[in-house]
Amino acid sequence: MKKIITIAGSNSQKSINKMLIAYTTTLLKDVEILTIDLNDYILPIYGEDFEAENGIPTAVKRLNEIINSADGFIISLAEHNGSYAAVFKNTIDWLSRLDMKIWKEKPMLLMATSPGGRGGATVLQTANTSFPFLGARIIDTYSLPSFYDKFKDGGIVEEHYRKELADKAVAFSKELD
């Protein structure tokens, strides 16, 4: 069985990106899902001086081992001021100190959502451009705008958005083989 690691790029306990990932995983068949909660990996702010004095934190090494075990990734990014949430950016900065190819050239479904009408489009565009340099093999991207209007009772309420994500989940699944 293929192992899919999911990460919501947020440390919010009520993250809408976590909700979108939870829904997306229901669209996949015959896979093992391992959800990484960034709150389980409390890290100091990355800095060269800190690394020189203290080395790479154990939590980063543990997280890198988990990432190494993946067959694919579903990442859904929170957008803070047009970019990654600080907790996510800090995590990838630390992970890149162990291996610049953080995502190990494995298939990725890259997503974003937000309460606004652009659905995290800016952070999604940034990640779509930069993640391949970090070893991502992005199969597709998905944006869900106006989250609170389009997502209710654990699912996407508009057929167009529901079908689009289902099709992208199928395409992603095919790349795991």
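Odds and ends about this structure:
- If the condition is being part of a strand (DSSP E or B), aliphatic (A, V, I, L, M) and farther than 18 Å from residue 96 by Cα, then the stretch 22-76 contributes 31, 33, 34, 74.
- Flag if residue 142 is in contact (Cβ under 8 Å) with a residue 12 or more places away in the chain, open to solvent by less than 70 Å² (accessible area, probe 1.4 Å) and over 17 Å from the mean Cα position of the chain (by Cα): no
- Condition check for residue 111 on (1) surrounded by fewer than 17 Cβ atoms within 10 Å (Cβ to Cβ); (2) touching a residue at least 24 places away in the same chain (Cβ under 8 Å): one failure, at (1).
The values are calculated or read from the model by the stated rules, or taken from the named source; none is laboratory data. Source: prediction; values computed, not measured. Note that each Cβ is placed from the backbone with ideal geometry, even for glycine, and that neighbours are counted across all protein chains shown. Ligands, DNA and RNA are stripped out before the accessible areas are found, and what is left, the full protein with its side chains, is counted by its heavy atoms. Shrake-Rupley method; radii C 1.70, N 1.55, O 1.52, S 1.80 Å.
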